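The values are calculated or read from the model by the stated rules, or taken from the named source; none is laboratory data. Values in this document were obtained by computation on a predicted structure and should not be read as measured data. Quick reminder, even Gly has a Cβ in these numbers, built from the backbone with ideal geometry, and neighbours come from all protein chains shown.
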Amino acid sequence: MKRINNIAELTAALALLALSGLMLVNVFARNVVRQSFIGTETLAVYFMIWITFIGSAVIILHYGHVSVDFFLRMVEKRRGLLRLIGFLTAAAATAISCFFVWHGAQLAYQLYMRGGEVATLGISQGYIYAFVTAAMLLMLCNALVLGWGVIMGKPESYPGIQEQDDPSEE
């Protein structure tokens with residue numbers, strides 16, 4: 001699973017790099033050549049959506065989503081409550097991911113079969129939504145891994161408890 005997450009992170013980084021390059025080229029073209037490329041804004045929006053969904057899938061394992069740290073600080077010494085919070089987080093992420101995977105796959109299939117194309121890019125919208133569905137499938141897998149770690153009592157799976165580096169290794 002770690003290898004898949006590393007590939008997902010690399011994909012998001014490459015998408016961010018492509019987005020930055022695309023916008024830089026388009027700004028140059030608009031201001032110097034006085035002509036812009038067709039579809040760059042649309043592609044930029046899709047890159048941002050993809051980066052968001054891939055990032056969302058990967059950071060679930062680190063409790064990187066928006067949270068209320070106040071509650072975690074209140075219960076940081078109570079492993080039972082941390083375990084409960086971790087389990088509820090994993091359960092909510094699993095439910096949300098299942099919803100997105102199910103409906104996203106249906107939407108991607110319908111768009112692909114209907115032949116709906118992105119006008120400026122000339123590709124099927126089904127491909128766009130299939131990528132989002134794949135990212136949510138990764139989030140589902142990561143949520144299940146997180147939940148399993150909490151169920152098995154692995155402290156590194158609890159929110160707020162970070163693995164401590166061994167000082168003797170330095």
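Quick notes on this structure:
- Which listed residue is within 29 Å of GLU156 (Cβ to Cβ) and outside any loop (DSSP other than H, G, I, E, B), from ILE49, ILE59: ILE59
- Top-ranked residue of the range 88-99 - restricted to ones that are at pLDDT 90 or above and surrounded by fewer than 14 Cβ atoms within 10 Å (Cβ to Cβ), ranked as farthest from VAL66 (Cα to Cα): PHE99
- Boolean, PHE28 is farther than 28 Å from GLU156 by Cβ and in a helix (DSSP H, G or I): yes
- Condition met for VAL118 (surrounded by fewer than 20 Cβ atoms within 10 Å (Cβ to Cβ) and at pLDDT below 85): yes
- Scanning the range 96-153 for residues that are among the hydroxyl-bearing types (Ser, Thr, Tyr) and touching a Leu at 6+ places or on another chain (Cβ under 7 Å) yields SER97, SER124, TYR129.
- Residues of the range 15-52 that are surrounded by 14 or more Cβ atoms within 10 Å (Cβ to Cβ) and either on the phi > 0 side of the Ramachandran plot or in contact with a His (Cβ under 7 Å, 6 or more places away or on another chain) (or both): GLY39 alone.
- Residue within the range 3-23 that is of a type in the set (A, V, I, L, M), over 17 Å from TRP148 (Cα atoms), more than 19 Å from the chain's Cα centre (by Cα) and not in a helix (DSSP H, G or I) present: no
- The C-beta contact set for the range 80-94 (first residue over 12 Å from GLY147 (Cβ atoms), second residue small (Gly, Ala, Ser), distance under 8 angstrom, 6+ apart or interchain) comprises LEU82/GLY160.
- Search result, residues across the range 68-87 that are surrounded by 13 or more Cβ atoms within 10 Å (Cβ to Cβ) and assigned to a helix (DSSP H, G or I): PHE71, LEU72, ARG79, LEU81, LEU82, ARG83, LEU84, ILE85, GLY86, PHE87
- Whenever a residue of the range 110-135 is touching a residue at least 40 places away in the same chain (Cβ under 8 Å), its partners that are among the aliphatic types (A, V, I, L, M) and in a loop (DSSP other than H, G, I, E, B), lying with C-beta atoms within less than 8 angstrom and at least six residues away or across chains, give the pairs THR120/ILE38.
- Residue match in the range 82-97 (condition: under 21 Å from LYS154 (Cα atoms) and of a type in the set (Phe, Trp, Tyr)): yes
- So ALA92, is it assigned to a helix (DSSP H, G or I), out of contact with any helix residue (DSSP H, G or I) (no Cβ under 8 Å at 6 or more places or on another chain) and within 20 Å of MET1 (Cβ to Cβ): yes
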